[in-house]
Each structure stands twice: as C-alpha cells, then as structure tokens.
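Trainee: Below is a structure I'd like to ask you about.
The values are calculated or read from the model by the stated rules, or taken from the named source; none is laboratory data. The model shown is predicted, which means the values in this text are computed figures rather than measured ones. Cβ atoms come from the backbone with ideal geometry, glycine included; neighbour counts cover every protein chain shown. In case anyone asks, the SASA skips ligands and DNA or RNA and just uses the protein heavy atoms, side chains included. Shrake-Rupley method; radii C 1.70, N 1.55, O 1.52, S 1.80 Å.
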Amino acid sequence: LAVASEVKAVLAHPAAPRRLDPKVLGHLLVLGLEPSDRSLAEHIRKVPPGHLLTYSPGENVSTHPIHELIAPVSEMSMDEAVERLGAALDQGLRSRLTGVSSLGLLLSGGLDSYLIGECLARLSPGRTMAATAGVVRHDIDEHRTAAALASRLGVSHYSRRWPGHESADTDLLILLTRSVTQTEQPGRFANALLLAYLFDGWPQRPPVILTGDGADTLFGDAGYRRVRRLEILNRIPGRKVTGQGLARIGTRLGRRASALAELLGTDQNDFRLYVNEVFQHGRAQELLGFDPLPNIQAHYEALCSEIPNARPSQRYAFLHLRGAAQGFIDKGERQTAAAGADAVHPFLMPDVVQLAFQLPDRLRLSRRWTKPVVRKLARRTLPRHLVFHRKMGFSAPRTEWLSSDPSLKGVLDAFEHGPTVLADYLDRKVLQSAAVDFRRTGNSCQDTLWILVSVERWCLSLGIS
C-alpha cells in the first residue's frame, strides 16, 4: 500500500501502473469531473474529504465517512437563517485567521466573495488585498465590478487579465500543462489556467488566500430548481405519460417545453438530476467503445448510501458538494499551494455547512433568485443592483482558446493525424471526427475536446502511457 497526498508521488513507486483508467475517463468525459474516490491513474484511489481509510494486508482498501454530514431540517425563519450565517462566518474566520499577517481574497465580482471580503474588512482591517482573474475584451471579464466591490471594502485590488494569444507573455499550452500537473485533475475547469496566471503575476502575494466557493452549492444554486420542480411534478398523476406526450411536441413548443419533458421522464434517483452539466453522452460512448453511464450511476448510488435519510434538496447539495464543488475546490487549493499559499473556503467551515443542510426548502430558492439567505445577508451592506447582479466569475473562454490559440492547435492536429497517448484508449476515427467537426463549426464538441486536451497534457506531464 502506497499512500501520498499527490498522485505523482504514488506514481514514483516502481510498482505503480502508469496507465489511464478507462472507467474514470468515461466519468470525466460525461461529467467533466473525476469520481470523488477514484483517480484517472489506474489503480490509484482517493480518500474523499471526511472519510477514513481502512486497510489490512491481503484485503481490499475501504473508505467510509467519519460522521453523519446531513443535519435534520429546521423550520427556521429567514431572519434567523441570515443571523446564523453571519455569525458562523464571523466565528469561523476569527478562529482560522488568528496570527495571519496578511490575507488575500479572490474577488470574482459576485456577492459570495464580496461577503467574505466584508467579514475580513470588519474583523481584520488593513490586512486584506483582493485579486481578480479575467480575460481582456471578453464578456465574462468582471474586472470593473470586482474593482468597484474592492473599493467599497476599502481594500487594494490587483487584476490580471489574459491578453489573448497575440500578446500573451505566457504560452497557453505551457500554462495548461502546468495547471493540470499541479492540480492533477484534468477536466472542464479551464478557469484553473486563469488562476495560475493570476498567481504568477500577483505582487507580494499573501500567505493565506480566501474564496467564496461553496455558497452556490450549499445555499441553493440554479441546479436546485430542477430538484425542486421534480418534487412538484412527482405529485402529478400520469407524470410519465404526460412527459412522453410533451416530448413528441416539445421541439415545436420551444426549449422550455423540451426541458420539462425531459424532467418528467427523469427518476429521482438518476444522477443526471443532481449534476449541473452532462456532456455529450453519445459522443463519449463512441469514443470509449462502452457505455459510461452504468459506472457513473453506480458511483452516485454509492454516494447516496452515505445519506439514506436525506431530503431531495439535501441530497442535491451533498452530491454537488462531493462532485462539482469538490473538484473546483481541490483545483483551487492545489493551485494556491503551488503558489506557496494556503487556501481557506469560509463557506465550507463546519458551522456554515451544518446550517446549510438545516435550511428548509423555502429558504433555498425564491421565485427568481438563487441563494436568498446569502443575498439577504449581503443586502445589509450592498445596494440592491449589486446584490442581484448576475455574474460569471473566473470563467474561461474554452471554445475561443481551442479555435484560435496556436499552441493548442498542435494538440488538435495530433488528435487528427499525429501520435497521442489517448489514441490507445479511444476510437481514433471518432477522435479525428470530433476534431474535424470542431474546426468546421467552431462550437461542436468543445467540452469534450477541452477535456481530452487537458487529459493528454496530464498524461504527458506525469508519464502516463
């Protein structure tokens, strides 16, 4: 048994197999994420957060949760929830930041990171500096909004924005390779490159860096709407028959009708109900030569067995936390560690997480807006137009990069004609077809190709063959 905090340390052992796990690759192609307990490297497993590993020679390794995460739902009022959230953030930050000389805040232009900044400015005035990553001349750039929020907080603000391949001072392929090597998690999170680019240029970078990650997952993001709507639809007699009829005419009625038809035919235990994005399953199946969905469904069922008494909304938060949120947080933590700093996620501190799982459903989603408890807390110090500002936050233009960056073009060329590590694991003709389709249309298969490009660079950097 070899145990380490990083995959590349385990791979240093001479007995470690240096191959991809096709089942995990299927998980990655469909969801853009690795399973919470498996690595993309064959026979290397991960111990999920809050779990205990048990091993005896000659027996299988097993993991199980240390304690019950799901708290009973409390019928608290909105005002009580807001007060408890504010107190939990303050108390947790006081305990975590004692003795720290200076603090950094990743300010995305949204209210989650602003709330953390407001707490820091109040609890440790004069010690905080904010930073924002972005892309020049792109609609996802939130430099101005983040700068205005930093000004309201009274903290200095550093912004580093990717200038585009024409004048970039860092090769995008080098940055991608370094990013997937540091995080050891290739996938759909292209914003990890922007984070690495930000850290490269941040002068006098603080030793501790905080983020607003986790608020969406725990306090009711857009994906929760689907869970809530399915609960309502389950009460309709003949739901499946209604869904079949609507599916036949859904395309004539528009996208919303098609989405409703899909939801009517979805089972409450189907993993696709609990993930934000499911990429092209058909394309993934053609690439892999097998259907990846049964393995993914089995993984989600194993996760759900840890929370047998959870309500649907709690199940969504738990699965999202263990999936998309955990993947993003791991990337942020490893990027921060590679920059020589520690990452802190205040919304994932124990008291905040416990409060989130106790929230009644009516406090997770209002008629129009997600995270009503978080927004009401922010409303105490922010004007209304900023509280209800729609933001993207540290997103990256994957499609634009794949289509225009010359350093990434070489990887796509290799998918079509040259030698690649992935050629041994995927159907080469389907891989070539995906690259050709993308070059022709500019938007087809971009999610799949970005994942495959990052996996290819990960394999080359870690010596996976």
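Trainee: Would you mind putting 64-74, 209-219 in packing order, based on average other-beta-carbon counts within 10 Å, highest first?
Mentor: Details: 64-74: 12.6, 209-219: 25.6.
Packing order, densest peptide first, comes out as 209-219, 64-74.
Trainee: If you don't mind, there's one more thing I want to ask. How big is the chain on each of its three principal axes, counting only the C-alpha atoms and giving the largest first in Å?
Mentor: The principal-axis extents, from largest down, are 61, 58, 57 Å.
Trainee: Apply the a/c threshold of 1.5 to the C-alpha gyration tensor of region 292-336 and tell me whether it is rounded, prolate or oblate.
Mentor: Taking the square roots of the gyration eigenvalues as a ≥ b ≥ c, region 292-336 is oblate.
Trainee: Could I have the simple spin-label model distance between residue 379 and residue 122, label points 7 Å from Cα toward Cβ, reported in nm to one decimal?
Mentor: Placing both labels 7 Å beyond Cα along the Cβ direction yields 1.7 nm.
Trainee: Distance between the C-alpha centers of region 301-332 and region 434-454? Whole Å please.
Mentor: Here the answer is 29 Å between Cα centres.
Trainee: Can you figure out the FRET efficiency of residue 231 with residue 204, using R₀ = 51 Å and their beta-carbon distance, to the nearest 0.05? It would help to have the intermediate numbers written out before the result.
Mentor: Working: r = 50 Å, r/R0 = 0.98.
For residue 231 and residue 204, the calculated efficiency is 0.55.
Trainee: Expressed in nm to one decimal, what extension gain is obtained for the pair residue 56 and residue 301 from 0.36 nm per residue of sequence separation less their Cα-Cα distance?
Mentor: On the way: separation 245, 0.36 × 245 = 88.20 nm, distance 2.57 nm.
Between residue 56 and residue 301, full extension yields an extra 85.6 nm.
Trainee: Run through region 14-108 and list the trypsin sites (Lys or Arg not before Pro) located in a DSSP loop whose Cβ has at most 12 other Cβ atoms within 10 Å.
Mentor: Values: sites: 18, 19, 23, 38, 45, 46, 84, 94, 96; in loops: 18, 19, 46.
Those satisfying the criteria are 18.
Trainee: At a Förster radius of 60 Å, what calculated FRET efficiency corresponds to the Cβ-Cβ distance of residue 5 and residue 241, to the nearest 0.05? Walk me through the numbers before you get to the answer.
Mentor: Working: r = 52 Å, r/R0 = 0.87.
Computed FRET efficiency for residue 5 and residue 241 comes out at 0.70.
Trainee: Multiplying the sequence separation of residue 439 and residue 144 by 0.36 nm and subtracting their Cα-Cα distance, what value in nm do you get? Could you put the intermediate results ahead of the total?
Mentor: Numbers: separation 295, 0.36 × 295 = 106.20 nm, distance 3.34 nm.
Using 0.36 nm per residue and subtracting the Cα-Cα distance, I get 102.9 nm.
Trainee: Also: How large, in percent, is the carbon and sulfur part of the accessible surface of the chain at a probe radius of 1.4 Å? Could the numbers behind the result be given before it?
Mentor: On the way: 10490 of 21040 Å².
Summing carbon and sulfur atoms, their accessible area is 50 percent of the total for the chain.
Trainee: Right, next: For residue 75 and residue 309, FRET efficiency with R0 = 22 Å and r from the beta-carbon atoms, rounded to 0.05?
Mentor: After rounding to 0.05, the efficiency reads 0.80.
Trainee: Still on this structure, please answer the following. Report, for the chain, the % of DSSP beta bridges that are antiparallel, rounded to 5. Provide the component values of the computation, followed by the final result.
Mentor: Details: 7 of 24 bridges.
Restricted to the chain, the bridges split so that about 30 percent are antiparallel.
Trainee: Let me ask another. Within the chain, how many Lys pairs that are eight or more residues apart, or on different chains, come under 19 Å at the alpha-carbon?
Mentor: On the way: 8/46; 8/331; 23/46; 46/331; 371/391; 376/391; 409/429.
Value for the chain: 7.
Trainee: What number comes out for accessible area per residue over the chain if the probe is 1.4 Å? Units Å², please. Show your work: numbers first, answer last.
Mentor: Values: 21040 Å² over 465 residues.
Result: 45 Å² per residue.
Trainee: Still on this model: So what is the calculated 222 nm ellipticity per residue for the chain, using -39500 (n - 2.57) for each DSSP H run with n of 4 or more, over all residues, to the nearest 500 deg cm²/dmol?
Mentor: Value at 222 nm, helices only, nearest 500: -15000 deg cm²/dmol.
Trainee: Calculate, in nm to one decimal, what residue 290 and residue 266 gain on full extension: separation in residues at 0.36 nm each, minus their alpha carbon distance. Write out the running numbers ahead of the final one.
Mentor: Numbers: separation 24, 0.36 × 24 = 8.64 nm, distance 2.25 nm.
The residue 290-residue 266 span can extend by a further 6.4 nm.
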